[in-house]
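Where a number appears in this text, it was derived from the coordinates with a stated rule and is not lab data. Computed from a prediction, not measured in an experiment: that's the story for all the values here. Backbone-built Cβ (ideal geometry, glycine too); neighbour counts: all protein chains shown.
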Amino acid sequence: MSQSPLDELLSLLDLEPIEVNIFRGVSPEDRSQRVFGGQVLGQALVAASRTVEDRLAHSLHAYFILPGDPKAPILYEVDRSRDGSSFTTRRVVAIQHGRPIFNMAVSFHVREEGFAHQFEMPDVPPPESLPPETELRAEWAKRFPEQSYWMLRPRPIEQRPVNPPDPLNPDKRPPVQHVWVRANGTLPDDDKLHQCVLAYASDMTLLDTCLLPHGVSWFSGKVIMASLDHAMWFHQPFRADDWLLYTQDSPTSAGARGLNRGMVLTRDGRLVASVAQEGLIRPKTR
């Protein structure tokens, strides 16, 4: 029986335990190029979280070292660096073909009360007022017939961008974008799983932000793009199957790299996560 896209994602995140502190993950069968960075982020966070009890991740810092091979399993080795009274630290290395392709440090924290403040939520249209992603992709597929299968296939994460650029003829605009995101279905009541799903989704649009001032997109064939590192901070519990506003900006790009930042807010304006990423944006010379 075929699975829904969200069920397929949950299967990807349900790592196979191989030995103590060692887990194995796989990639989608229809993936033909490199492994999606959000998949490795989510799977690595799953591996780390399975070695920790009674506390949630509050931050992660990761580096993408080599492109992942989607045809081969990925081994995740977890180092139990420290178990403290308030904080727990883990280090995860993802391995393929005998070489590390990714590493990540994760810190977990017990729930505590303390001082609280946050930025205000941007004034953007609600997700119901925006066209569904399926409608946008259907229009794009008419202009990219060779990519119609990829564009039209169902997805585990639903996105509704505010004022999306034209992927074929993008205009030059300030490096700021807002995208509503949520899991395309209902998730179990597991805070750790909701963090892992958001980690997966956080890599989907962030790197595009630093291209906005330059009037190019990865569809144009004029740029080579790859995530280089990724950091996340989880501030409060949330549900990844409720609409979340992913507001993103890019302070700078230089040296063929772009820096991107993101804030994730609930519909009622709670800031639940922050993201930062630097990525390769190398102009193609031929």
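Points to keep in mind about this one:
- Tensor-based shape of the stretch 131-286 (alpha-carbon gyration tensor, a/c under 1.5 rounded, otherwise prolate or oblate): oblate
- On the basis of the beta-carbon distance and an R0 of 41 Å, D123 and F87 show a calculated FRET efficiency of 0.65.
- Semi-axis lengths, largest first, of the ellipsoid equivalent to the chain are 29, 23, 19 Å, with √(5λ) applied to each eigenvalue of the Cα gyration tensor.
- Taking amide hydrogens as placed 1.01 Å from N in the peptide plane, the amide H of I281 sits under 5 Å from those of R257, G258, each at least 5 positions away in sequence or on another chain.
- Net charge contributed by nearby residues that have their C-beta within less than 12 Å of H178 (K/R +1, D/E -1): -1
- Space enclosed by the convex hull of the alpha-carbon atoms of the stretch 1-111, per residue, Å³: 110
- Stretching L280 away from S59 to a fully extended chain increases their span by 77.3 nm, per 0.36 nm per residue minus the current alpha-carbon distance.
- Fully extended contour minus Cα-Cα distance, from R270 to H109, at 0.36 nm per residue: 56.0 nm
- Cross-link table K142/K192; K192/K284; K71/K172; K142/K222, entries beyond 32 Å C-alpha to C-alpha: K142/K192; K192/K284; K71/K172
- Cβ-Cβ FRET estimate between D171 and R34, R0 fixed at 30 Å, reported to 0.05: 0.55
- Per-peptide average of other Cβ atoms within 10 Å, ordering 197-205, 19-27 highest first: 197-205, 19-27
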